[in-house]
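**Q** Below is one structure. I have some questions about it.
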Amino acid sequence: MASPVLLLLGVPESGTSALADALVRAGAALAGPPGGDPGGVSQHALAACGMRWDSLAPMPAKLARTPGLDAARAALDVFLERTPGDAPLVVAEPLATRIVGMWRERIEGSGRPLAAVLWLTHPGSAAAALARRRQFAPEKSLALWLAHLVEFEQATRGLSRTIVTEEAFLADPAAGMKRIAQATRFPPAMQAAKAPSATKHPTPAPPPLGLGSGLDTALDAGYRRLASTVSGELKRAVDALAAAARPAVQSAIPPWIAQEIEADRTRMQTLADMAAGHAARADRAARDLAATPRDARALAAEVEAMRAEQARERDALTGQLDALHGAQARERDALTAELASTRGELARLAARLSEVPQSEAALRIELSQAQRELSDERTSIARLSDALETARREADGHAHRFESARHHLERFAIEIEEARATLALREDHCARLAEEADGLRVRESDLLREREALRRERDEAVRELERAKREHGRHAAERESTLHRTSAELRTAIEERESRIAGLSGEADRMADAITDAAVRTAGLEEQLELRAAELAELQSRYDELAARMRTLESRSLVRAAVWLGGEKHPREASTGG
């Protein structure tokens, strides 16, 4: 059976090294970044969707149909083939939180069990880190924190998943590992949960940001609830947090900014799709030309047609880029006008500040907020300009590649023949691997059925134990009501019996607690099953012994009661009277 994979994700500037190091110490293998480029595959995949990791626009709904993701999928497949398959694997990739759906598709396609954990820092800490390293406004940082959380919950539905907060893990690492073990059944986490508690490092909560929109307050309350939310209630908790924070997000980020960002993302995704389509058409044309290398005239005609089509597409792309430049210029003019109006407003605010000193603090806060928003808009405009220039350079590169394709067509024909032979060998190898995978799936289903059977047997044993406890309690109550009517000499025996019953009940409770803990350690249930059966047999023998003693005690009590009712003196009373 293939070793499991744990995808360790995070919010921006969260840092997952503390949890990753703890899992590695517990026996997990930490995978390096795909292709040796940290975050490169994730960044390229986001760019193919017209996105960046700090984009406020939502991810496209049809992510699986985006043609620009083919290269990222191939890179992930190669990465998974090169990772060790004999040890539990941890993939720490915080930038993959927004494209976790693509990671899930490739890992599940490789036949390896997948679980996901989101390392969640306090929203105030994330905003402070982004302000220090990226100069982001607090409102944007908090909106990014919420977007990563919501997209993680939506993309991991149906998986074994959980959320681990930084404060809770640093305060009690053993409890954090137990939380991961209960939700994901990841073997290193289960092993670490059994280890003694390490040194605890309490993390002080960051001071409140005091935003006028109230976004920081809403996210802080949701963060506190998520720290104790079980995986089964994760969807409800995240939906409630998103609904509670939506008015504050709309107040902190104007709707027109979100609409413009979404429009820019759509345009960038369209350009990326067009570039991917050009590359796909070039590959198809190369294959078609290589299939008929003897027909020189047909090849020349097709090359000329392809050049004409490429020229038309280049002209169309140039027109679209010019239109985008025009739209960008118009947006820049609008922003410049808005900047001028904002400066006028700032001048009026300065006059009002000189006239009304008591409102100076509030106006300074509004001025700093406006300056941060203008800085973010300038940064967005610069990034859009860079993206447009990159798209133009890629279009020129396509033209150069079309020209060089004509010189490599003959060599492609020979390489295609060799590739066909290699492909046939690879298909045979894949068929053998598919047969082995089918056998492993059958074995996995058998093991799952055996585990379910053992789980049912354990539940039946627990129910039998509870039934025996209830019946024993009922008998004890009846006997207690009977023994209360006997003489004072039997009270000592009754107290001894009650103490034994209390001891038996305590032992039964401890046994029930042990059975409950066994649910967390399902992976080791087979080794502990014989021990539990022996303990149950011992408990049954002790129960039988106690029942025999109770029957003996009852018989003695009935004999003494009969003697007393017959008027005969107790042997002790007779000896005392003599």
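**Q** Taking the stretch 82-99, which residues are touching a Phe, Trp or Tyr at 6+ places or on another chain (Cβ under 8 Å) and modelled with pLDDT of 85 or more?
**A** Quick first cut of the stretch 82-99, residues touching a Phe, Trp or Tyr at 6+ places or on another chain (Cβ under 8 Å) only: 88, 91, 93-98.
Listed by number, the residues that qualify are Pro88, Val91.
**Q** What are the residues in the stretch 70-112 that are among the aromatic types (Phe, Trp, Tyr) and under 18 Å from the mean Cα position of the chain (by Cα), if any? Break it down into steps so the answer makes sense when it comes.
**A** Our first condition is that a residue be among the aromatic types (Phe, Trp, Tyr); within the stretch 70-112, this holds for 79, 103.
If the condition is that a residue be among the aromatic types (Phe, Trp, Tyr) and under 18 Å from the mean Cα position of the chain (by Cα), then Trp103 is the only one that fits.
**Q** Which of the residues belonging to the stretch 101-157 are in a helix (DSSP H, G or I), farther than 20 Å from Ser251 by Cα and of a type in the set (Phe, Trp, Tyr)?
**A** Once the filter is applied, which keeps residues that are in a helix (DSSP H, G or I), farther than 20 Å from Ser251 by Cα and of a type in the set (Phe, Trp, Tyr), the stretch 101-157 yields Trp103, Phe152.
**Q** Suppose the filter is small (Gly, Ala, Ser) and surrounded by fewer than 21 Cβ atoms within 10 Å (Cβ to Cβ); does Gly124 pass it?
**A** So Gly124 fails the test.
**Q** Among the residues of the stretch 24-71, write down those that are surrounded by 15 or more Cβ atoms within 10 Å (Cβ to Cβ), small (Gly, Ala, Ser) and either in a loop (DSSP other than H, G, I, E, B) or modelled with pLDDT of 80 or more (or both).
**A** Result: Ala26, Ala28, Ala29, Ala31, Gly39, Gly50, Ser55, Ala57.
**Q** Kindly provide the set of residues from the stretch 423-477 that are surrounded by 11 or more Cβ atoms within 10 Å (Cβ to Cβ), assigned by TED's automatic domain parsing to the domain that holds Arg532, among the aliphatic types (A, V, I, L, M) and more than 27 Å from Asp517 (Cβ to Cβ), ordered by number.
**A** Ala476 - this is the single residue of the stretch 423-477 that is surrounded by 11 or more Cβ atoms within 10 Å (Cβ to Cβ), assigned by TED's automatic domain parsing to the domain that holds Arg532, among the aliphatic types (A, V, I, L, M) and more than 27 Å from Asp517 (Cβ to Cβ).
**Q** Sticking with this structure for a sec: Please give the number of the condition Phe79 fails out of (1) modelled with pLDDT of 80 or more; (2) surrounded by fewer than 18 Cβ atoms within 10 Å (Cβ to Cβ); (3) of a type outside the set (A, V, I, L, M).
**A** Here Phe79 clears every test but (2).
**Q** If you scan the stretch 535-578, which residues turn out to be at pLDDT below 65 and not in a helix (DSSP H, G or I)? Steps first, answer last, please.
**A** At the first step, the residues of the stretch 535-578 found to be at pLDDT below 65 are 567-578.
Within the stretch 535-578, Gly567, Glu568, Lys569, His570, Gly578 meet the criteria.
The values are calculated or read from the model by the stated rules, or taken from the named source; none is laboratory data. For clarity, every value in this text was computed on a predicted model and none was experimentally measured. Every residue, glycine among them, receives a Cβ derived from its backbone with ideal geometry; neighbour counts consider all protein chains shown.
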